[in-house]
1. Right, Val103: at pLDDT 90 or above and either in contact with a strand residue (DSSP E or B) (Cβ under 6 Å, 6 or more places away or on another chain) or assigned to a loop (DSSP other than H, G, I, E, B) (or both) or not?
2. Out of all the residues in region 155-165, which are outside any loop (DSSP other than H, G, I, E, B) and either modelled with pLDDT of 90 or more or closer than 15 Å to Glu232 by Cα (or both)?
3. Which condition from (1) under 19 Å from Arg137 (Cβ atoms); (2) modelled with pLDDT under 90; (3) over 19 Å from the mean Cα position of the chain (by Cα) is the one that Asp47 breaks?
4. Which of the residues spanning region 204-250 are hydrophobic (A, V, I, L, M, F, W, C), surrounded by fewer than 15 Cβ atoms within 10 Å (Cβ to Cβ) and in contact with a strand residue (DSSP E or B) (Cβ under 8 Å, 6 or more places away or on another chain)?
5. Right, Asp217: acidic (Asp, Glu) and not in a loop (DSSP other than H, G, I, E, B) or not?
6. Give the residues of region 25-39 that are part of a helix (DSSP H, G or I) and farther than 19 Å from Phe71 by Cα, sorted by residue number.
7. Considering each residue of region 181-201, count those that are of a type in the set (D, E, K, R) and either part of a strand (DSSP E or B) or outside the structural domain of Ser242 (by TED's automatic domain parsing) (or both), and give that number.
8. Please identify the pairs in which a residue from region 80-92 that is in the same structural domain as Val103 (by TED's automatic domain parsing) has its Cβ atom under 9 Å from the Cβ atom of a residue that is of a type in the set (S, T, N, Q), counting only partners at least 6 apart or on another chain.
Amino acid sequence: MQLMDVNRPSAPSDAAPDPIPRMPRRQSILLVEDDDAIAAEVIAELDARGYDITRAADGETATRRALEEAFNLLVIDRLLPGIDGIEVIRQLREENVRVPVLVLSALGGVDDRVRGLKAGGDDYLTKPFALAELAARVEALLRRPVETRETVLRVGDLVLDLIDREASRRGRRIELLPREFKLLEYLMRREGQAVTRAMLLEDVWHYRFVPQTNLVDVHVGKLRRKLDGHGERPMIESVWGSGFMLRASD
């Protein structure tokens, strides 16, 4: 399978090559890919960008290594010998492995992408792909804040139980729809930080572009009304020219 643009002109021999951006420290990636040719090209590209790559060629090996070793990111092919990539992700999520996962697949249908994301994947890239796009997806996933394994989040008098999927403020239970719960969790994990609408559209709604929509504002407005009942001080502030920020009311 052709991944790179073989017609890309090469730099003149007397010209200095473009510098390849390097990470401040080498972050570790587990690549799970059974195709030797694809694996070799992906490894070469990511290694040149400063990442430390480990390869597994089947689902059983990938699962074992991901459970035994600490990786910053998993890049998993959907179709693998033995345990397929979707099952690998499910097993790791059941074992509370929360490292980000990029799914690679020749199956590009909407239902296929939805299955990959519902299984616990964080992003989905369809084959054939450009190596530059793969690198961009990897970089974006590694930039996201690493979610802790906390089961309860607290900001001031606001409590969010991630296991029972319940929210409360000063003992008052707050009924949240699934998207509202995810939005609140995202804001609570970034307490005191300005969160842009583009960040919310990408990370909460999983848009890969920024549409002209008031979707975020509508959901934030509904969430505000639920959080700030009974005359309580507002917790979600509007940040002019940016987005929103959640802070403790006290």
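1. In short, yes.
2. Of everything in region 155-165, those that are outside any loop (DSSP other than H, G, I, E, B) and either modelled with pLDDT of 90 or more or closer than 15 Å to Glu232 by Cα (or both) turn out to be Val155, Leu158, Val159, Leu160.
3. (2)
4. Within region 204-250, Val239, Ala248 qualify.
5. Considered against the rule, which asks whether it is acidic (Asp, Glu) and not in a loop (DSSP other than H, G, I, E, B), Asp217 comes out as yes.
6. Within region 25-39, Asp36, Ala37, Ile38 meet the criteria.
7. Number satisfying all stated conditions: 0.
8. These pairs meet every condition: Gly82/Thr61; Ile83/Thr63; Ile83/Gln91; Gly85/Ser105; Glu87/Thr63; Val88/Thr63; Gln91/Thr63; Leu92/Thr63.
The values are calculated or read from the model by the stated rules, or taken from the named source; none is laboratory data. Just so we're clear, the structure is a prediction, and the values are computed from it rather than from any experiment. When we count neighbours, we look across all protein chains shown, and the Cβ atoms used for this are built from the backbone with ideal geometry, even at glycine.
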